[in-house]
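These notes concern the structure reproduced below.
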Amino acid sequence: MLLKKMDQRNIVIFYNELFLIVGTDIGFSTFMRPVLYSAHHDLIVYQHNSIQTEEIVTVVGNVCETGDIIASDRLLPTISEGDIIAI
């Protein structure tokens, strides 16, 4: 598994052969709807570069709980250092 720290916003990406997880600096302590209601929220990636590829990712929060999942199995543009994820 590769852990890559990304910029000062504490966004991390975990890779392994089965899945890709994008960690953010927001969690269910401040954004509860996805956890409590399984609410779907659109995610927009503002890319620092112009990579045109997409990948399926799971976006998670910063609270150390298994339920702190913001979005599961979403097709998003490839996320890289300097990008911003908007909910």
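The values are calculated or read from the model by the stated rules, or taken from the named source; none is laboratory data. Predicted model, so just to flag it, every value in this text is computed and none were measured. All Cβ positions, glycine included, derive from the backbone under ideal geometry; neighbour counts span all protein chains shown. Note: areas computed on protein heavy atoms with side chains; ligands, DNA, RNA excluded. Shrake-Rupley method; radii C 1.70, N 1.55, O 1.52, S 1.80 Å.
Points worth noting:
- Boolean, residue 44 is under 11 Å from the mean Cα position of the chain (by Cα), at pLDDT 85 or above, farther than 14 Å from residue 21 by Cα and not polar (S, T, N, Q): yes
- Contact map, region 34-54: residues that are acidic (Asp, Glu) paired with residues that are open to solvent by 100 Å² or more (accessible area, probe 1.4 Å), Cβ distance under 7 Å, separation 6+ or inter-chain. Pairs shown: 54/75.
- Within the option set 26, 13, being open to solvent by less than 100 Å² (accessible area, probe 1.4 Å), under 15 Å from residue 62 (Cα atoms), under 15 Å from the mean Cα position of the chain (by Cα) and at pLDDT 80 or above holds for one residue only, 26.
- Taken over region 44-65, the criterion of being assigned to a loop (DSSP other than H, G, I, E, B), surrounded by fewer than 16 Cβ atoms within 10 Å (Cβ to Cβ) and not aliphatic (A, V, I, L, M) is satisfied by 47, 48, 49, 50, 52, 53, 64, 65.
- Looking only at residues in region 66-87 that are in a strand (DSSP E or B) and of a type in the set (D, E, K, R), the one that is most open to solvent (accessible area, probe 1.4 Å) is 73.
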